[in-house]
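Read through the structure below, which is laid out as structure tokens, and then see the notes.
Every number here is computed from the coordinates shown, using simple stated rules; none is lab data. Note that this is a predicted model, so its numbers are computed, not measured. Cβ placement follows ideal geometry from the backbone for every residue including glycine, while neighbour counts extend to all protein chains displayed.
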Amino acid sequence: MQDDIKAVLYSEEQIQSKVKQLGEQLSEDFNGRNPLVICVLKGAFIFMADLVKAITVPLELDFMAVSSYGQSTKSSGVVKIIKDLDVSVEGRDVIIVEDIIDSGLTLSYLIDVLERRNAKTVTVVALFDKPARRTVDLEPDYKGFSLPDEFVVGYGLDFAEKYRNIPYIGILKPEVYEK
Ligand code: XMP
Ligand code: MG
């Protein structure tokens, strides 16, 4: 599996130390509050697990799964909710945990949904960001690393549902796509 990786962008150690820093920052900033932390499945599941262990304030968590509609409707930013939250966000300080921001459409849709459901505050934490690909005006409140415009896998991120269990983030060899 790891033979399919062309280059490692950030090592397991680099990611772990960044996630700890993000957790410490969030613990400070959410001191005295009881946030609802939402994991955007599937890609963010490993980040979510490591991040909440690094947060020291009491919190609750929930999961949401979304998928973009086909290419034709992509520019509208319409995203389909595959699995919705189990709990209400009304009056809650919500923290969205996302693996990677690309165009920004998924997140801007999610923020909109949560605001319409009367969340008190909506905060976005993204581990990875590809700022060059943004089509909507959206910046995460907390961010781990900026990435070049390349398709990456590992640390929860997949290609055709594989490679999520690689502990670092890397670029796939082109021949893997061509198979
Ligand atoms: P948008 O464009 O809505 O997309 O910001 C965010 C979602 O796209 C997926 N994505 C990737 N998944 N490697 C992946 O495995 C990548 O390089 C990549 N870039 C975007 C991801 O699911 C994210 O939630
Ligand atoms: Mg994905």
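Write out the GluC sites (Glu not before Pro) in the range 100-169 meeting two conditions: DSSP loop, and at most 13 other Cβ atoms within 10 Å of their Cβ.
Those that pass, being in a loop and sparsely packed, are E150, E161.
Longest segment of the chain with no chymotrypsin sites (Phe, Trp or Tyr not before Pro) in a DSSP loop having at most 14 other Cβ atoms within 10 Å?
Maximal segment without exposed cleavage sites: 70-150.
State which entries of K18/K120; K130/K162; K53/K173; K18/K53; K80/K173 exceed 24 angstrom in Cα-Cα distance in the structure shown.
With Cα atoms farther than 24 Å apart: K18/K120; K53/K173; K80/K173.
Once amide H atoms are placed 1.01 Å from N in the peptide plane, what residues at a sequence separation of 5 or more from G144, or on another chain, have their amide H within under 5 Å of its amide H?
For G144, whose amide H was placed from the backbone, the distant partners under 5 Å are A126, L127, F128.
³J(HN,Hα) across the range 156-169 via Karplus (A = 6.51, B = -1.76, C = 1.60, θ = phi - 60°), whole Hz, x for Gly/Pro?
x, 8, 10, 10, 6, 6, 9, 6, 4, 8, 6, x, 10, 10
Would you pull out the residues with amide H under 5 Å of L9's amide H, same chain only if 5 or more places away, H placed 1.01 Å from N?
Correct list: I169, G170, I171.
Within the set of other residues whose C-beta is less than 13 Å from the C-beta of I171, count the net charge using Lys and Arg as +1 and Asp and Glu as -1.
After counting each charged neighbour, the total is -1.
Take the alpha carbon atoms of the range 81-113, find their center, do the same for the range 1-32, and report the distance between the two centers in whole angstrom.
So the two Cα centres are separated by 20 Å.
Would you kindly derive the ³J(HN,Hα) couplings of the range 61-66 from the backbone phi angles with the Karplus curve 6.51 cos²θ - 1.76 cosθ + 1.60 (θ = phi - 60°), listing them in order in whole Hz, with x for Gly and Pro?
Values, residue by residue: 9, 8, 10, 9, 10, 10 Hz.
About its Cα centre, what dipole magnitude does the chain give when the only charges are +1 on Lys and Arg Cβ and -1 on Asp and Glu Cβ, stated in debye to the nearest 20?
The dipole magnitude comes to about 260 debye.
Whole-Hz ³J(HN,Hα) for each residue in the range 117-122, computed from phi via Karplus 6.51 cos²θ - 1.76 cosθ + 1.60 with θ = phi - 60°, x for glycine and proline: what do you get?
Karplus values, whole Hz, x for Gly and Pro: 8, 6, 4, 6, 9, 10.
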